[in-house]
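The structure is given below, and queries will be raised subsequently.
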Amino acid sequence: MMQRASRGFTLVELMVAIVVFVIMAGMGYLGLARLLDQREIAGSGLARTNEVRTAAYRVMEDLFSTSPRPVDDPFGGPAQPALRVEPDGTPILVLTHGGWMNPAGRARSTQQRVAYLLDGEDLVRLTWTVLDPAPDTEPTRQVLLHGVLRFEVRVLTGDDTWLERWPTSEAADIQAPTALPRAAEVRVELSDWGELRWMTEMVGG
């Protein structure tokens, strides 16, 4: 009995195999690209979440630990209040906070002067190494949060009144510069997340 001679692939079969391989490879590449895109999106979302969380913690911690300690005016004017909120000011929020960690044991106060302002769409935190700075004392600048469209602060007084400015002109006449409200609320509008609200008690008030 004679055996049939084996034959190779024809050109048509080879071309069909190549086309199938290209299609399968393309589908695999698209799936991999989609997976990488999702991973990148998830990574950027996590980074943004951490950025917002860190900024919220920093602002709330400063407000919570606000100390009733006014500071000297560097130009010889009246003492600056322990807390100042000016909705149309630059900075918008200025305060003295306590609990400034000093792990190196340096000869400095455990209280720190801090200010917050908007620079374009960046929320910036300014800090001073001394409580009563000289006119030429430069603060340290830190960008806490990007994409900020609005940054507002209001405070709650002892008679349950919310104020957009502190101290008020009336309060400045009758209250010492050490006076503090009971609580504070911060409103932040982000370009990607919309409006956020953070609220904290103020232990010094």
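Could you put Phe75, Phe64 in order, starting from the residue whose Cβ has the fewest other Cβ atoms within 10 Å? Before the final figure, lay out the partial values.
Numbers: Phe75 7, Phe64 17.
So the residues, fewest neighbours to most, are Phe75, Phe64.
Relative contact order (percent) for the range 51-162, with alpha-carbon contacts under 8 angstrom and 6 or more residues of separation?
Values: 192 pairs, mean separation 24.1, N = 112.
Taking the mean separation of contacting Cα pairs over the length of the range 51-162, I get 22 percent.
Once the piece of chain linking Leu30 and Thr161 is laid out straight, how much longer is it, given 0.36 nm per residue of separation minus the C-alpha distance between them? Present the calculation step by step, with values, prior to reporting the outcome.
Details: separation 131, 0.36 × 131 = 47.16 nm, distance 5.81 nm.
The Leu30-Thr161 span can extend by a further 41.4 nm.
Continuing with this model, one more query. Tell me, what ³J(HN,Hα) does each residue in the range 117-128 have, in order and in whole Hz, if you take phi through Karplus 6.51 cos²θ - 1.76 cosθ + 1.60 with θ = phi - 60° and put x for Gly and Pro?
Working through the residues one at a time gives 8, 9, 10, x, 10, 10, 8, 10, 10, 10, 9, 10 Hz.
Evaluate the distance, in nm, between pseudo-label points positioned 7 Å from the Cα of His146 and of Thr178 along their respective Cα→Cβ axes.
4.4
Also: If Lys and Arg each add +1 and Asp and Glu each add -1, what is the summed charge of the other residues whose beta carbon sits under 9 Å from the beta carbon of Ala184?
Values: positive: Arg154, Arg182; negative: Glu185, Glu201.
Spelling it out: positives minus negatives among the neighbours equals 0.
OK, next. Shape verdict for the range 60-201, please, from the Cα gyration tensor: rounded (a/c under 1.5), prolate (a/b greater than b/c) or oblate. Could you put the intermediate results ahead of the total?
Values: a/c = 1.56, a/b = 1.13, b/c = 1.38.
In terms of gyration-tensor shape, oblate.
Here is a follow-up. Measure of size requested: the Rg and Dmax of the range 44-83, with Cα atoms as the atom set and Å as the unit; please supply both.
Rg and Dmax of the range 44-83, Cα atoms, are 16.1, 48 Å.
A short reminder: the numbers here are calculations on the coordinates, not readings from a lab. All of these numbers come straight from a predicted model, not from anything done at the bench. So basically every Cβ, Gly included, is an ideal-geometry build from the backbone, and we count neighbours across all protein chains shown.
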